[in-house]
Amino acid sequence: MRAVADLICKDPTKLRRLREEVEKEGVSRSIAVNYGLSSSSLNRLASRQGWNFPKRGTNSAKADFFRTWSPEMAWLLGYTWADGCIYRQKLGLKRKTPSCLLQYACKEEDRELVDLARSLLESKHTVSNYVDAEGHSSVKIGIVSTQLVEDLEKLGIRERKSYLNLPFNPPPRQFLSDFVRGYLEGDGVINLGNQDKARNRVLLLGTYSWVTGLQSHLSLELGIKINKPLPKKGKNTWTVEWASREDVFRLLTFLYPSSALIGLKRKAQRAQQLLASLS
C-alpha cells in the first residue's frame, strides 16, 4: 500500500483531487477503493499530508435496502440492472483484503440518477467525476457493502452481467412499472418524433435473454406487440423497440402515470410530451 500511496504523491493532479474528496467526505473505503488503497493506508496518507478531514467511521449505506419490495426499491433494482455493477474483489497491493462493491455510473448530464441512487441507499460515499472509455464526461459512485451485493445476487445480478446472457427476473406484478422505468432511465430511449426523427418510439437495450424476456413480460401485461430484437454492432447488446402509436401510448401510460414518480425528470418530461402528442 505504501508503494501505491507514493505513486499518488508523485502525481500532483491526482493528489489534489484525492485531498478535495477526503477533506469533503472524510476517509472512507469507497474513496480508498477508487485510488487503489485500503482505508488504513488512506488514513495514514491523509494524516501524513496534514489534511483537515472529518474524523468518523467508514461511510454507511442502508444495507438492507434490497430486502423489502417498494416502488423505490423496484426502481433502483431496475436501474441497477441498467447502470449498476457489483464486484467481489481483493483490495490492497497484495490483494489480500476482501471487499464487495456496488457501483453506479452514468454520463454527467444524467448525474441525477447516481445522486438518486446515493440518496435512496442513504450513502455518504463520494460521487466522482471521470471520463469513460468513449470519451464522455461521466460520474460514478462506489458503495462498499457485502450485504447489498449479496442481496443483489439473490435477485439475479452477477459480476460482469453485461457480458453474460442472464435471464429476465420479473419483479412482483405491482412493482413492474417502477422496475421497468428504472431500467429504461438507465438503458432506454424515448424518441419524440419530428421532421428529423419521423417516428415516435421507445427503445430498450440489453443482453438478448434479458431484453427479450422483458419484452415478453410487458406483452403479456399490456397487450403490446413482440418485435424482433436487433443486435447492436460490436457489442453483446440487443435492442427491442415499440413504434406503433398504440404500443407507445400503452407502454408510456404504464411507466409514467400522471402522479409524481421517482426517477429521471428529463425522461419523465419527454414521456409526458410524447403522451400529449398521442392523445
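Out of LYS235, LYS228, I need the residue that is among the basic types (Lys, Arg), without any contact (Cβ under 8 Å) to a residue 24 or more places away in the chain, within 26 Å of GLU134 (Cβ to Cβ) and assigned to a loop (DSSP other than H, G, I, E, B). Which one? Outline the logic, then answer.
On the way: LYS228 fails: within 26 Å of GLU134 (Cβ to Cβ).
Answer to the selection: LYS235.
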Selection from the stretch 217-235 of residues surrounded by 14 or more Cβ atoms within 10 Å (Cβ to Cβ) and of a type in the set (Gly, Ala, Ser) yields SER219
So TRP210 ticks every box in (1) under 22 Å from MET73 (Cα atoms); (2) aromatic (Phe, Trp, Tyr); (3) not in a helix (DSSP H, G or I) but one. Which box is left unticked?
(3)
Among the numbered conditions (1) in a helix (DSSP H, G or I); (2) at pLDDT below 80, tell me where GLY57 comes up short.
(1)
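Looking at ASP151, ASP115, ASP132, ASP110, which is the one that is in contact with a helix residue (DSSP H, G or I) (Cβ under 7 Å, 6 or more places away or on another chain) and either among the acidic types (Asp, Glu) or in the same structural domain as SER209 (by TED's automatic domain parsing) (or both)? Break it down stepwise before answering.
Values: ASP115 fails: in contact with a helix residue (DSSP H, G or I) (Cβ under 7 Å, 6 or more places away or on another chain); ASP132 fails: in contact with a helix residue (DSSP H, G or I) (Cβ under 7 Å, 6 or more places away or on another chain); ASP110 fails: in contact with a helix residue (DSSP H, G or I) (Cβ under 7 Å, 6 or more places away or on another chain).
It is ASP151.
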Please go through the stretch 70-116 and pick out each residue that is at pLDDT 90 or above, under 19 Å from SER138 (Cβ atoms) and of a type in the set (Ser, Thr, Tyr).
TYR79, THR80, TYR104
Meets criteria (in a helix (DSSP H, G or I), in contact with a strand residue (DSSP E or B) (Cβ under 8 Å, 6 or more places away or on another chain) and touching a residue at least 12 places away in the same chain (Cβ under 8 Å)) for LEU218:
no
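The values are calculated or read from the model by the stated rules, or taken from the named source; none is laboratory data. Since this is a predicted model, take the numbers as computed values, not measurements. Positions of Cβ are backbone-derived with ideal geometry, glycine not excepted, and every protein chain shown enters the neighbour counts.
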